[in-house]
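The values are calculated or read from the model by the stated rules, or taken from the named source; none is laboratory data. Here the structure is a predicted model, which means the values were calculated and not measured. Glycine gets a Cβ as well: all are built from the backbone with ideal geometry, and neighbour counts include every protein chain shown.
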Amino acid sequence: MRRDGDNIVTIDGPSGVGKSTVARRVAELLGFSCLDTGAMYRAVALKASEAEVDPRDSASLSRVLSQTTVEFSPEGHVFLDGRDVSKLIRTEKISSLSSELAELAEVREFLVGIQRKIGEGENIVAEGRDMGTYVFPGAKYKFYLDATVAERAERRFLQNKRGDIPLSDVEDELRRRDRRDTLRAENPLRPAPDAVVIDTTQMSAEDVIAAIFFRTKDISLRGDSK
Ligand code: DC
């Protein structure tokens, strides 16, 4: 019999560990949708930035959130108030502002509500920081990807084709993000007690995808994937 949470795979972990690549591919293999929750925090940051809201002004922020919609297309593009912002949210400025806004309870409540609604209606691979611990505690399949900060910095550095940010700066920024993500009061980053923790430091993305797919293969065998 199908239970609540059987339709959800969660993948959490720190910045730069490769969650998005892995989650997208696992979703494809299972025939599930991929829910990139980081993109939702980024979309809210873009909205706050365009509306020139000071993150410390709680009343203004709540008012702006009450007039905001964040949705995904089946291809995984993110829409802010009906506008495709998939590219606009990938700037350094928005990365930094999203990290700041992710500490605020009103922002988290707003996005967690949308995330849970999506999880009620669809088979999803949900990736982020608090998927297994807070948003979908009943998910049957939970993974936590980790890697040393040096390894994550190197992966990010190699991804940056322009090579205009020194490796040491990339590493410093990741350390800052790690501190913010793990020390915040609201749903900090940590593995759920029932998550499978995978140290990816010495693994390729293909190895990680295979490890997750192997553990979730009863979903595909069960035949309820789309
Ligand atoms: O994964 P990302 O870099 O796109 O996420 C953007 C920011 O949102 C990052 O600072 C962490 C935060 N975030 C969060 O707090 N909770 C999530 N479930 C997903 C992202």
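Select from the range 33-80 the residues that are more than 20 Å from the chain's Cα centre (by Cα) and assigned to a loop (DSSP other than H, G, I, E, B) and write down the one among them that is nearest to ASN123 (Cα to Cα).
Top of the filtered list is GLN67.
Suppose we keep only residues that are assigned to a strand (DSSP E or B) and within 14 Å of the ligand (Cβ to nearest atom) within the range 97-142. Which one would you say is surrounded by the fewest Cβ atoms within 10 Å (Cβ to Cβ)?
In the first step, residues of the range 97-142 are kept if they are assigned to a strand (DSSP E or B); the result is 124-128, 141-142.
Cutting the leftovers down to within 14 Å of the ligand (Cβ to nearest atom) gives us 124-128, 142.
Details: ILE124: 23, VAL125: 29, ALA126: 28, GLU127: 27, GLY128: 27, LYS142: 25.
Among those residues, the one meeting the criterion is ILE124.
Does at least one position in the range 40-47 carry a residue that is closer than 30 Å to ASP207 by Cβ, among the aliphatic types (A, V, I, L, M) and buried (at least 21 other Cβ atoms within 10 Å of the Cβ)?
First, the residues of the range 40-47 that are closer than 30 Å to ASP207 by Cβ: 40-42.
Of the ones still in play, those that are also among the aliphatic types (A, V, I, L, M) are 40.
After this cut, where a residue has to be buried (at least 21 other Cβ atoms within 10 Å of the Cβ) as well, the list is 40.
Yes: one or more hits.
Considering only the range 79-88, I want to know if a residue exists there that is within 27 Å of SER204 (Cα to Cα) and modelled with pLDDT of 95 or more.
yes
Within the range 6-58, count every residue that is free of Cβ contacts under 8 Å to residues at least 60 places away in the same chain, within 16 Å of the ligand (Cβ to nearest atom) and of a type outside the set (Lys, Arg).
7
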